[in-house]
Amino acid sequence: MYRWSEIIEGVIEDSKLSAEKRLKGFDKKFKEIKHVQTALKLASSSLAKKLRAMNVEIIVPKYEALLNDFNKEVVKGKTIRYTVDKLKDTLNNFFTKV
């Protein structure tokens, strides 16, 4: 299972990789995190709410920067799996099985 730190440091912020490769790496690792964190059941709804808010607060700005880099490379014909809004919506669905 991937951790957020692996995605942030090893994928989003890895300046040695092109933005396209970082975006592909994010998609791959995020898919697994999404699978795990949408299925997690937390006993406390307030804890779940805090975790969702923290995920959005930390991940979204870094993802936006990655998308900006990707757009600067002008990779034609490539689709982006997660828009910023779609990523926020997905993150806000984590830990919903209380």
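Just subtract the alpha-carbon distance of ASP27 and SER5 from 0.36 nm times their residue separation and send over the number in nm, one decimal. Working shown, then result.
Values: separation 22, 0.36 × 22 = 7.92 nm, distance 1.47 nm.
That works out to 6.4 nm of additional length.
Taking the alpha carbon gyration tensor of segment 6-48, what are the square roots of 5 times its eigenvalues, largest first, to the nearest whole Å?
In descending order, the three semi-axes are 28, 11, 6 Å.
So the label point goes 7 Å from the Cα of LYS72 along Cα→C-beta, right? Which residues of segment 15-42 then have their backbone N under 15 Å from it?
Under 15 Å, as judged by backbone N against the label point of LYS72, lie 15-23 of segment 15-42.
All other residues with a Cβ under 15 Å from the Cβ of LYS62 taken together, and with Lys, Arg as +1 and Asp, Glu as -1, what is their net charge?
Numbers: positive: ARG3, ARG22, LYS29, LYS88; negative: GLU6, GLU9, GLU13, ASP14, ASP27, GLU57, GLU64, ASP69.
Net charge in that neighbourhood comes out at -4.
Relative contact order for segment 4-91: what percent, with Cα pairs under 8 Å and sequence separation of 6 or more?
Taking the mean separation of contacting Cα pairs over the length of segment 4-91, I get 39 percent.
Using a cut-off of 24 Å between alpha-carbon atoms, which lysines can reach LYS49, once sequence neighbours fewer than 8 places away in the same chain are excluded?
List returned: LYS29, LYS31, LYS34, LYS41, LYS62, LYS86, LYS88, LYS97.
Each reported figure results from applying straightforward, stated rules to the coordinates on display, with no laboratory input. In this text, all values refer to a predicted model and were calculated from it rather than measured experimentally. Neighbour counts run over all protein chains shown; Cβ positions are idealised from the backbone, glycine included.
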